[in-house]
Amino acid sequence: MKAKIEFDGKFYEFPVTKGSEDEYAIDISSLRAQTDGLITLDRGFKNTGSCESAITFLNGEEGVLRYRGYSIEDLAENASFLEVAYLLIFGELPSKSELDKFYEDIKAESNVDEEMKKILDGFPKSAHPMGVVSSLTNALIAFNPSSVNVDSKEDMYKAIIKLLAKFPVLCAWALRKRTGQPLDYGDDSLGYVENVLKMMFKKANQDYKVDPVIASALNKLLILHADHEQNCSTSTVRIVGSSHAGLFASISAGISALWGPLHGGANQAVIEMLEGIKADGGDTKKYMAKAKDKEDPFRLMGFGHRVYKNFDPRARIIKQSADDVLANLGVEDPVLDIAKGLEKEALEDDYFVKRKLYPNVDFYSGIIYRSLGIPTEMFTVMFALGRLPGWIAQWREMRLGKEPIGRPRQVYTGEKLRSYKDIEKR
Ligand code: SDX
């Protein structure tokens, strides 16, 4: 199949690529060469594919999300987070022996060099955990130099295992820094998710018993956040990785991209917004009006999505899980009612319906994190903890696929050639 473009009275033909889910893309790799310099312009890459990928498929119009062909509903209901991590990275669900070896390899690497604590010490307690975790992830490079610019599958495996093992420790340390708790390594006799909870919440002078309701809820949340094709932070990981900067540096860059309130930082912004509405008397209609007012910078955080023009399937699952977790824990959270009221109003409001703005993954997740005892500033760190295997899978696919360094073009709109002027004449 071909696509034809006419420009300046001439016709140019380009091949059309077809994906396994019948998506079509015009391959414009030869555009500049064929047309002596013509490029495309697509702000925010809303219509531009950056790569071919076999990891995650989503259909925004139908609200479909699959990891390596498995539906998010199927995996959230039946899988462990570590199984999903293995699936995303290596392409298949692991056998029991493969999963056991995977976790044994991870546990063997779950220590972090004590010197790293000196870097953590340098941060004020008030430092945002996303900045701490991004910095510590980069700092890991200095203590694991052999994991930098790796090419072989074996060396990639070692670097991947180190990151999956040490990243949860760094996330727990970022929380314990804020709460003034001594740093902890958890307990290798526990599962991956259970150990995250123990590392985060064990009090120095008490034992910590994992609540199965909390562990199950966190397992599901991490699975739901594990990958999402070429979103802002994943595209960042791929483009930084394309310079061969190495896995840890690429992931650190991805964490920084995720921090933004338009992206992963929205889960923190949603709770802050809901708390603000509650403090303001719970007048959701007032905030709906603000969200629609072009003069007002206020946006309904947790609503809208670049790709989903239908319900975000993850939001559906998380909304149901929020009800279940709060009921199981016997927690009443008034902001859940405000969230449901906002959702109901938005789904009946022409502004939102016309723009196909639905609740996204961030709209309800903070309500669950909060009921699990996770502080608001840590919500996006939890998003990063879930997204880590997806970022790793995408980085690995890009490196194994020997993708070229990412380097977009531009349309220059600045000054034409001009000569230097002495300062006296300016
Ligand atoms: C994530 O890409 C991914 O996959 C990301 C993610 C992942 O798993 O990696 O799914 C995670 O980042 C989810 C999104 C979290 N962000 C938020 O909840 C922040 C609030 N949402 C928006 O800022 C916005 O919807 C975006 C950033 C998510 C999407 O922005 P787009 O695709 O660039 O759309 P846009 O800003 O051009 O909006 C289109 C229209 C505009 O109105 P008009 O100019 O057409 O009149 O919709 C309006 C926008 O003003 N609009 C909103 C709105 N979101 C869009 N109006 C009010 N409230 C909102 N939340």
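The values are calculated or read from the model by the stated rules, or taken from the named source; none is laboratory data. Only a predicted model underlies this, so the values are computations on that prediction, with no experimental measurement involved. Positions of Cβ are backbone-derived with ideal geometry, glycine not excepted, and every protein chain shown enters the neighbour counts. Areas reflect the complete protein model, heavy atoms only, side chains present, ligands, DNA and RNA absent. Shrake-Rupley method; radii C 1.70, N 1.55, O 1.52, S 1.80 Å.
Details
- Test for Pro359: is it surrounded by 21 or more Cβ atoms within 10 Å (Cβ to Cβ) and closer than 20 Å to Ala289 by Cα: yes
- Condition check for Arg396: in a helix (DSSP H, G or I), more than 30 Å from Glu275 (Cβ to Cβ) and open to solvent by 10 Å² or more (accessible area, probe 1.4 Å): yes
- Number of positions in the range 303-320 that are open to solvent by 10 Å² or more (accessible area, probe 1.4 Å) and more than 10 Å from the ligand (Cβ to nearest atom): 6
- When the range 332-356 is limited to residues that are within 11 Å of the ligand (Cβ to nearest atom) and not aromatic (Phe, Trp, Tyr), the one that is most open to solvent (accessible area, probe 1.4 Å) turns out to be Lys354.
- Taken over the range 221-238, the criterion of being open to solvent by less than 10 Å² (accessible area, probe 1.4 Å) and over 17 Å from Ala315 (Cβ atoms) is satisfied by Ser233, Thr234, Val237.
- Checked against the criterion of being within 27 Å of Leu357 (Cβ to Cβ), loosely packed, with under 13 Cβ neighbours inside 10 Å, in contact (Cβ under 8 Å) with a residue 12 or more places away in the chain and within 16 Å of the ligand (Cβ to nearest atom), the candidates Gly44, Gly60 yield just one match: Gly44.
- Sole exception among (1) within 14 Å of the ligand (Cβ to nearest atom); (2) out of contact with any strand residue (DSSP E or B) (no Cβ under 8 Å at 6 or more places or on another chain) for Tyr369, by number: (1)
- Matching residues, the range 366-380, being open to solvent by 10 Å² or more (accessible area, probe 1.4 Å) and part of a helix (DSSP H, G or I): Arg370, Ser371, Thr376, Glu377
- When the residues of the range 84-136 are filtered to those that are buried (at least 16 other Cβ atoms within 10 Å of the Cβ) and of a type in the set (Ser, Thr, Tyr), the one that is nearest to Ile392 (Cα to Cα) is Tyr86.
- Pair list, Cβ under 6 Å, 6 or more apart: the range 115-143 residue under 13 Å from Val381 (Cα atoms), other residue surrounded by 17 or more Cβ atoms within 10 Å (Cβ to Cβ) and among the polar types (S, T, N, Q): Met130/Thr380; Ser134/Ser252; Ser134/Ser256; Thr137/Ser252
- Of Ser243, Ser256, all but one fail to be out of contact with any helix residue (DSSP H, G or I) (no Cβ under 8 Å at 6 or more places or on another chain), hydroxyl-bearing (Ser, Thr, Tyr) and open to solvent by 30 Å² or more (accessible area, probe 1.4 Å); the exception is Ser243.
Residue by residue, here is whether (1) touching a Ser or Thr at 6+ places or on another chain (Cβ under 7 Å); (2) aromatic (Phe, Trp, Tyr); (3) modelled with pLDDT under 95; (4) open to solvent by 10 Å² or more (accessible area, probe 1.4 Å) holds:
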position	(1), (2), (3), (4)
Tyr364	no, yes, yes, no
Met382	no, no, no, no
Arg407	no, no, no, yes
Gly414	no, no, no, yes
Asp422	no, no, no, yes
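- The helices (runs of 4 or more DSSP H) found wholly in the range 188-302 and carrying at least 1 residues that are within 11 Å of the ligand (Cβ to nearest atom) and among the charged types (D, E, K, R) occupy 284-292.
- Helices (runs of 4 or more DSSP H) completely within the range 59-153 that count 1 or more residues being in contact with a strand residue (DSSP E or B) (Cβ under 8 Å, 6 or more places away or on another chain): 72-78, 81-90
- Residue tally, condition touching a residue at least 12 places away in the same chain (Cβ under 8 Å) and more than 26 Å from the chain's Cα centre (by Cα), over the range 334-345: 3
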